[in-house]
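A short write-up of the structure that comes next.
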Ligand code: SF4
């Protein structure tokens, strides 16, 4: 049997689902992937939105009969594959196959930690805990994705979740009924393992140096979806991190442990807590004045390490590791050494310990490991890693952390993948820049070892979408930009009567625009952070007319088909934040190597991020709408051509709101209620005196041509 027999005209899917339409791009892609698996190839595959990429790799993976790991960047896609796509295929495939889901340990309940938490809180009744407790009694997975309405940052979940540090494995008295053990057992025997990049790269980083620490079972082929995120995620796993959260969790667990000498444990926990606080205060005292400001966030492909709204990130240099910071570090090192020695790693010398011996030994190992990591981070400035890694500090309301990661992940990935002999397929809707895979090859260390294939989107962007560029707004760096962007965003939302997703590169702009839109728009205005992501997206989808404002993660993975998302507004071009320590180190490394960092790194990265944001608009063949870019530099600067040429399809472009109105009237002729707002927009545009946009350079010839094309299209 071939993929064609499943996906093609008259195939198994067509027979099972009346109305199923085969997609030529999907058929070609699945045949190419089948060949790559059979020939143990490395393959880069860009599949435009609507190609049907997931089935295009799942079908050949299943038919190959090999042990295959599918790795995704997000848990959403992981769940979609495991809960929707694979069950659907299992129902129609003639030969049975099995699959298992593997997520990071933090996604599963740890029965030992649950029991400890229950013992501790026996006197306090918490209805939220009672609900969670009842769920644990009936779940077969222990996976937090199955808990209804669990907030993303639930503190209760943190108390009872498993983690690499707290898991004690075979020596645990709950091991027979452990959700993590069951997850690993299922994965060991399954044909298809659905993992995510965090787990995959944790495994890859460990596998070479320490095979017995491997996270995934042995496999023959890996298919990495959402592969544009690999560089950022893999960088974390080739790096080292120590945070106050890690130290305080160790102190908390030490204070709670069940020993016959609880006073000693509690005293050590209290001292660790106090020393951690003093160390964090010393580090906070070194935050450079210039960074004590609300920061611009990274987005999409340029997300870097995903800083939060109130975090500052600054480089860690040897000068900083002096004085009070060094003194507090030595205090911390001392207390960690004392704990690690007391709770000897093999558990043999733990005095007076009874059933807690494995738990104490695990705590001892955690203390030793965090001590090692701190020492690595401290000495890095002098060691060999000084040449390859960059160190930085993150300080925010939730704590302080020190991080180190390779400046260039490519060589580490090349080494790690070098140990993997089977096929490796890297796929995403956004891998090419102006049609070339060069950037992604270089960043992932693939060199010329991978073949490539592109399957364009079947959507007709030339009819379904319009790109509007607001060339008359001030430059995004101008103080007047946020106010002007807010007014233009409101105007655009009036044309489409809401139905909009507004994507920002800074929280500052987001807040400014949100405040204004709430004053002037009659539609529900939803703002990232005010409610969980899934609730915001559900409201955008279900309450047609809603307007959602977001940054960072919403540039990717938002899939709202239909009229509920008819307008995507992007405030500015998503260049990686140049003062982010990791980005700054990459720029400086490229410069030192004689390369142009803007052309080799910043521009292609921005092009992929913009492509992701743009891709939120058209999700099906019947969708239609507008992408509005409020950053006119794309039309004025020479690099704009690279960004425009990287966008999917042949989407017409305009700089006129009148064209937006005309386009909207064509694609949604029933949208009569928007007419008044639209007339207002056109009127304002007509009334604008010649040269009103005084701080704006003239539109390029390219933009003028595109506007003419837009008129032809909409006419
Ligand atoms: S085996 Fe590990 S994860 Fe499972 S219950 Fe025990 S400590 Fe928790």
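Once you reduce region 7-53 and region 498-557 to the center of their Cα atoms, the two points are 35 Å from each other. Which residues in region 624-652 have a backbone N closer than 19 Å to a point placed 7 Å from the Cα of residue 596 along the Cα-to-Cβ line? Answer for region 624-652: 633-646. According to the Kirkwood relation over distinct C-alpha pairs, the hydrodynamic radius of region 549-595 is 13.7 Å. Each 10 Å bin, from zero up to the one with the longest distance, holds this percent of the alpha carbon pairs of region 443-585: 10, 35, 31, 18, 6, 0.
Peptides 161-167, 514-520, 582-588, ordered by how many other C-beta atoms sit within 10 Å of their residues on average, highest first, read 582-588, 161-167, 514-520. Across region 393-519, Cα-Cα pairs more than 25 Å apart make up 58 percent of the total. Using every pair of distinct Cα positions in region 106-177, the Kirkwood expression returns a hydrodynamic radius of 12.7 angstrom.
At R0 = 22 Å, how high is the FRET efficiency between residue 530 and residue 126 if r is their beta carbon distance? Nearest 0.05 is fine. Calculated transfer efficiency: 0.35.
Per residue, the convex hull spanned by the Cα atoms of region 39-184 amounts to 166 cubic angstrom. Restricting to the chain, what percent of DSSP beta bridges are antiparallel, rounded to 5? Roughly 30 percent of the DSSP beta bridges within the chain come out antiparallel. Panel order for 468, 461, by other beta carbons found within 10 Å of each beta carbon, from fewest to most: 461, 468. Here the ratio of the Cα radius of gyration of the chain to 2.2 N^0.38 Å is 1.01. When 141, 546 are arranged by Cβ crowding within 10 Å, least crowded first, meaning fewest neighbours, the order is 141, 546. Annotation: the residues 41, 462, sorted from fewest to most other C-beta atoms within 10 Å of their own C-beta, follow the order 462, 41. Using Cα atoms only, what is the angle between the long axis of helix 581-592 and the major principal axis of the chain, expressed in degrees (0 to 90) to the nearest 10? Helix 581-592 sits at roughly 70 degrees to that axis.
Taking Cα atoms only, the orientation of helix 357-379 departs from the longest principal axis of the chain by about 60 degrees.
Compute the separation of the alpha-carbon centres of region 367-438 and region 162-191 and state it in Å as a whole number. Spelled out, the Cα-based centre of one part sits 27 Å from the other. For the pair residue 4 and residue 460, a Förster radius of 30 Å applied to the C-beta separation gives a FRET efficiency near 0.75, rounded to the nearest 0.05.
The Cα atoms of region 505-653 define a convex hull whose projected area, averaged across directions, is 10.1 nm². In whole angstrom, region 507-565 maps to an equivalent ellipsoid with semi-axes of 18, 15, 9, each derived as √(5λ) from the alpha carbon gyration tensor and ordered largest first. Short-range pairs are left out: with C-alpha atoms under 8 Å and at least six residues apart, the relative contact order of the chain is 16 percent.
Read-outs throughout are calculated quantities, based only on the coordinates presented, and are distinct from any laboratory measurement. Predicted, not measured: the structure shown is a model, and the values here were computed from it. Counting neighbours? That spans all protein chains shown, and the Cβs are built from the backbone with ideal geometry, glycine included.
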